[in-house]
Amino acid sequence: MCGIVGYIGSKQAAPIILDGLSKLEYRGYDSAGLAVYDGTKIVTRKAIGRLKVLENLTRGGETMPGQSGIGHTRWATHGAPSDKNAHPHTNMGGTIAVVHNGIIENYISLKRMLTEKGYQFASETDTEVIAHLMDYYYKGNPLETVMRVLHRVEGSYALGIMFVDYPDEIYAARKDSPLIVGKNADGCFIASDVPAILRYTRNVFYLENQEVVVLRKDGLQFFSEDEEELIKDPVVIDWDADAAEKGGYEHFMLKEMYEQPRTITDTISPRIQNDDIVIEELKMSDEELRRIKKIHIVACGSAYHTGVTGKYVLEGLARIPVEVDVASEFRYRDPILEEDSMVIVISQSGETADTLAALRESKARGFKVLGIVNVVGSSIAREADACLYTWAGPEIAVATTKAYSAQLAALYMLAMKLAKVRGTIQEETFQQLLRDLRRLPDQIELLLGQKEKIQHFANRYLGARDIFFIGRGIDYAISLEGSLKLKEISYIHSEAYAAGELKHGTISLIEDGTLVVAVSTQPELFKKTISNIVEVKARGAFVMAVTGESNKAIEKASDYVVYIPETNSYFTNSLAIIPLQLFAYYVAVGRGCDVDKPRNLAKSVTVE
């Protein structure tokens, strides 16, 4: 959540920082601000609302001259969105400026201490405590000051700090909130994520927890929490810069939906070798894979929904018991992890706070963790024992589409690998699965070609108050994600239910005209799902069915049918989700919603 960008170099800082912040708008925010050293003092400008307000206020940064500065987009946690609560925050004299992502958990006690010593607070934020604490400890040595403050604060942070006494330096630090550092011939950068600085440099350094970096025009210095200097090597980012731009599409979400065929190809192709699945990143021998007795999948949001699908696929193919947990519950429920268990954590950003905490909890108990992530060099990627990258490229829209599809593909391959090694499927079955896996990108292309049909149907439900999604087995997992897509970008109340649970209370919510989306892609469950469709139809529901091409019988029970191409029943999520993504998108567009940046949401949830 939130975005940080900082620059020090030979060019004007404000325009570069504003440009970088514009690349981080997908992270979610409600206000924005800048602090720039103008040659004599630190000048700050803040504005509630979209970044465009700040850009207009500063004429694109032209009214804030200076070659050193920090900027921030804030997502409110402590204090309502307002100019006074926006970052950067300064000490009372305006000689120290701070931007901060994360939450300072002991800010109340620190604020009380500082108030007793005469410090006055202008905002309701936890971040202002850091600015005053910097002032309290400052005795002329910025590095020493930063270190003392970091030892006093508790919680999570990514920090950018400026001292007016040291105008040729910017200080940055992190703990449990992402922060990267970049360098080119003109200067140095800090940012919350790669897209912010991708147009300026591809050489990126990743800060580890409780490390500090000093940025100067001509170089970087890294330090441990004990002030010992560190040597770091850059990571070269090979993303296509154009991938972070809209490329002619109206929204990033639509563009990313259309990138799904390529995304799945990029995820699976390097790992299919000589008609076999080769996942070298697992760092496990066949014998170690055979010893696995249980798998725990831990994730949040859409990544959790891929985990629910993964449970059906892993159990069905590899015959290994799988438990799926919401990460925020896993970390607090004192989970029972048995010997020879495998823990899989899934996150697009690799920085999801609850998922990262689950990873650390598992490792602390002595269990190896496999991370399935998209962002190279992210915290989960670095801390997991093994990392399976999805290689989906930058995903800008808050509502995930292509990263979700890539995660599914990664789980399919893992299940197939385990099944083959453990001897739970025959070679003939394995080869058929491979053929079906390879066909998915082309089949998704066909479904994306139906967008006009889906758009026409979506326009009928722009005024809907409630929409229900039902399904059984993997279809229930598909329903979970379809429902989430709709509610998060269109703001229509939507729920997903296991179809067999309707009669246990939910069916009382069905009224005349209520839209029920029935997902039915599992042949052995076709008849059961049709029975559930009949139940809701009898109570006045209008039913949209998503099903396989062979299930023509569903037409008699449904009002509107979307057919998906035939594939292995374990892979149907990858196809059935496409019309549901398109439906959610066109409903949201028709309602005039901000599709790429839904209200109250953020792309990377780096706080609890």
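The values are calculated or read from the model by the stated rules, or taken from the named source; none is laboratory data. Owing to the predicted nature of the structure, the values given are computational and were not obtained by experimental measurement. Note that each Cβ is placed from the backbone with ideal geometry, even for glycine, and that neighbours are counted across all protein chains shown. Remember, those area values only see protein heavy atoms, side chains included, never the ligands or the DNA or RNA. Shrake-Rupley method; radii C 1.70, N 1.55, O 1.52, S 1.80 Å.
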Item to check | The listed residue being among the hydroxyl-bearing types (Ser, Thr, Tyr) and surrounded by 20 or more Cβ atoms within 10 Å (Cβ to Cβ), out of 586, 560 | outcome: 586
Item to check | Residue in segment 80-91 that is nearest to residue 141 (Cα to Cα), counting only those that are touching a helix residue (DSSP H, G or I) at 6+ places or on another chain (Cβ under 7 Å) and part of a loop (DSSP other than H, G, I, E, B) | outcome: 91
Checklist entry - So which residues in segment 157-177 are under 27 Å from the mean Cα position of the chain (by Cα) and either of a type in the set (A, V, I, L, M) or farther than 24 Å from residue 44 by Cα (or both), if there are any at all? => result 158, 159, 161, 172, 173, 175, 176
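Tell me the helices (runs of 4 or more DSSP H) entirely within segment 352-466 that contain at least 2 residues that are among the small types (Gly, Ala, Ser) and open to solvent by less than 10 Å² (accessible area, probe 1.4 Å).
Answer list for segment 352-466: 353-364, 402-422.
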Item to check | Scope segment 528-577; condition among the aliphatic types (A, V, I, L, M) and in a loop (DSSP other than H, G, I, E, B); matching residues | outcome: 538, 541, 553
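So which of 73, 63 is open to solvent by less than 10 Å² (accessible area, probe 1.4 Å) and within 24 Å of residue 187 (Cβ to Cβ)? If you could, list the steps in order and put the result at the bottom.
Numbers: 63 fails: open to solvent by less than 10 Å² (accessible area, probe 1.4 Å).
Matching residue, one of 73, 63: 73.
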Next on the checklist: Let me confirm something: among 584, 541, 602, which residue is in contact with a Ser or Thr (Cβ under 9 Å, 6 or more places away or on another chain) and either polar (S, T, N, Q) or modelled with pLDDT under 95 (or both)?
Outcome noted: 541
Checklist outcome for this item: Checked 564, 578 against criteria (closer than 24 Å to residue 375 by Cα and either touching a Gly at 6+ places or on another chain (Cβ under 6 Å) or modelled with pLDDT of 95 or more (or both)); the one match is 578
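Which one is most open to solvent (accessible area, probe 1.4 Å) among residues in segment 209-218 that are in contact with a Leu (Cβ under 9 Å, 6 or more places away or on another chain) and in contact (Cβ under 8 Å) with a residue 40 or more places away in the chain? Break it down stepwise before answering.
The first filter runs over segment 209-218 and keeps only residues in contact with a Leu (Cβ under 9 Å, 6 or more places away or on another chain), leaving 210-214.
Right, trim to in contact (Cβ under 8 Å) with a residue 40 or more places away in the chain and you get 210, 212-214.
On the way: 210: 59, 212: 0, 213: 0, 214: 3 Å².
Top of the filtered list is 210.
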Item to check | strands (runs of 3 or more DSSP E) within segment 124-206 that include 1 or more residues of a type outside the set (Val, Ile, Thr) and either closer than 15 Å to residue 87 by Cβ or open to solvent by less than 10 Å² (accessible area, probe 1.4 Å) (or both) | outcome: 157-163, 170-175, 180-183, 187-191
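What tally of residues in segment 390-448 results from selecting those that are among the acidic types (Asp, Glu) and either touching a residue at least 40 places away in the same chain (Cβ under 8 Å) or closer than 20 Å to residue 580 by Cβ (or both)? Break it down stepwise before answering.
Of all residues in segment 390-448, those among the acidic types (Asp, Glu) come to 395, 427-428, 436, 442, 445.
Adding the requirement that they be either touching a residue at least 40 places away in the same chain (Cβ under 8 Å) or closer than 20 Å to residue 580 by Cβ (or both) leaves 395, 436, 442, 445.
Number satisfying all stated conditions: 4.
Scan 521, 506, 529 and give me the residue that is at pLDDT below 90 and polar (S, T, N, Q).
Details: 521 fails: at pLDDT below 90; 529 fails: at pLDDT below 90.
Within the list 521, 506, 529, the selection yields 506.
If we scan segment 539-555, do we find a residue that is within 28 Å of residue 416 (Cα to Cα) and in contact with a Lys or Arg (Cβ under 6 Å, 6 or more places away or on another chain)?
Of all residues in segment 539-555, those within 28 Å of residue 416 (Cα to Cα) come to 546-551.
If we keep only those that are in contact with a Lys or Arg (Cβ under 6 Å, 6 or more places away or on another chain) too, we end up with none.
So far as segment 539-555 goes, no, none of its residues is within 28 Å of residue 416 (Cα to Cα) and in contact with a Lys or Arg (Cβ under 6 Å, 6 or more places away or on another chain).
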